[in-house]
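Colleague: Here it is, the structure, as structure tokens.
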Amino acid sequence: MQCVILAGGLGTRVAALAPSLPKALIPVAGEPFAAHQLSLLARAGVRRVVYCIGHRGDAIRSFVGHGERWGLEVTYVEDGETLLGTAGALRRALDAGILDPAFFVLYGDSYLPIDYRAVWDAYVAARRPALLTVFRNEGRWDTSNVFLERDRVVLYDKRREDPRSVGMVHIDYGLSVLTREVLERLVPSGARVDLADVYKTLSLEGQLAGHEVRQRFYEAGSPSGLQDLETYLGRGTRDEESG
């Protein structure tokens, strides 16, 4: 399995905590966040990682290298002088010729302790060109943005422009499976495109599968998120030591 990590963001919400570091390298539980994220992916069965980097991407490249520490094969795609958004960054990777026919997409500040193989199997079974993992949020951590019906996302609306968004209870969990075909069709080369718009289009076309997960998500993109993640990772370390 291949995973593309979107790590080109500016990290404005956590910039004050580590002004000289990109989000991916902010220390959490004794190590840069990227070390925890890559360890999780390796345990989950991912073998190839593509980093889409931008802001202070040289620091990420210097720390991660080619991924040998985690048993991974890591390559990089630079955002360049013009930021093209999350989907635009994926299109750069496509144009570089380094994407598998289908691949995971993961945000560079997301720590998602779930069964990645189960997500992949759900994508294969759905026979649709894309799959979005979702979590029953009910407004607890952020604004819900997904209508899920069984195994299909019938509406993704991050901006909540559709009147149906009032009744949403699920939220985008931060992990998806996309195909090269989706990028070729919906993301023109060199255009600035956000993944939220790609997901919305796919949902309206009936082409976005959904896979509900039960484990809450963790993130390193905000001070409160870092605190929760630090607690979670620390608890896991203590459990391993006591076991």
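The values are calculated or read from the model by the stated rules, or taken from the named source; none is laboratory data. All values reported here derive from a predicted model rather than from experimental measurement. Because the Cβ atoms are built from the backbone with ideal geometry, glycine has one as well, and the counts that use them run over all protein chains shown.
A quick yes/no check of all residues on (1) of a type in the set (Phe, Trp, Tyr); (2) modelled with pLDDT under 90; (3) surrounded by fewer than 19 Cβ atoms within 10 Å (Cβ to Cβ):
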| site | (1), (2), (3) |
| --- | --- |
| Tyr107 | yes, no, no |
| Tyr123 | yes, no, no |
| Asp142 | no, yes, yes |
| Arg185 | no, no, yes |
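Colleague: Same structure again: Can you pull out every residue in the stretch 86-97 that is among the aliphatic types (A, V, I, L, M) and in a helix (DSSP H, G or I)?
Modeller: Across the stretch 86-97, the qualifying residues are Ala87, Ala89, Leu90, Ala93, Leu94.
Colleague: Next question. For the stretch 125-140, name all the residues that are among the hydrophobic types (A, V, I, L, M, F, W, C) and surrounded by fewer than 18 Cβ atoms within 10 Å (Cβ to Cβ). Steps first, answer last, please.
Modeller: Initially, the stretch 125-140 is screened for residues among the hydrophobic types (A, V, I, L, M, F, W, C), giving 125-126, 130-132, 134-135.
Passing the criteria: only Ala125.
Colleague: Keeping to the stretch 53-74, report how many residues are in contact with a Gly (Cβ under 9 Å, 6 or more places away or on another chain) and modelled with pLDDT under 95.
Modeller: Total satisfying the criteria: 6.
Colleague: Being within 25 Å of Gln2 (Cα to Cα) and assigned to a loop (DSSP other than H, G, I, E, B) is the filter; apply it to the stretch 129-178 and report the residue that is farthest from the chain's Cα centre (by Cα).
Modeller: Per the stated criteria, the residue is Asp151.
Colleague: Filter the stretch 56-85 down to residues that are among the charged types (D, E, K, R) and not in a helix (DSSP H, G or I) and give me whichever is surrounded by the fewest Cβ atoms within 10 Å (Cβ to Cβ). Walk me through how you get there before you give the answer.
Modeller: Quick first cut of the stretch 56-85, residues among the charged types (D, E, K, R) only: 56, 58, 61, 68-69, 73, 78-79, 81.
Now narrow it down to the ones that are not in a helix (DSSP H, G or I): 56, 73, 78-79, 81.
Numbers: Arg56: 18, Glu73: 14, Glu78: 16, Asp79: 20, Glu81: 6.
Step by step, filter the stretch 56-85, then rank; the result is Glu81.
Colleague: Given the conditions (1) touching a residue at least 60 places away in the same chain (Cβ under 8 Å); (2) within 17 Å of the chain's Cα centre (by Cα), which single one is not true for Lys200?
Modeller: Among (1) touching a residue at least 60 places away in the same chain (Cβ under 8 Å); (2) within 17 Å of the chain's Cα centre (by Cα), Lys200 violates only (1).
Colleague: Answer with yes or no whether Gly80 is modelled with pLDDT under 95, farther than 23 Å from Gln215 by Cα, under 17 Å from the mean Cα position of the chain (by Cα) and of a type in the set (Gly, Ala, Ser).
Modeller: When the stated conditions are applied, Gly80 does not pass them.
Colleague: If you go through the stretch 205-219 one residue at a time, do you hit one that is buried (at least 21 other Cβ atoms within 10 Å of the Cβ), over 17 Å from the mean Cα position of the chain (by Cα), of a type outside the set (A, V, I, L, M) and modelled with pLDDT of 95 or more?
Modeller: no
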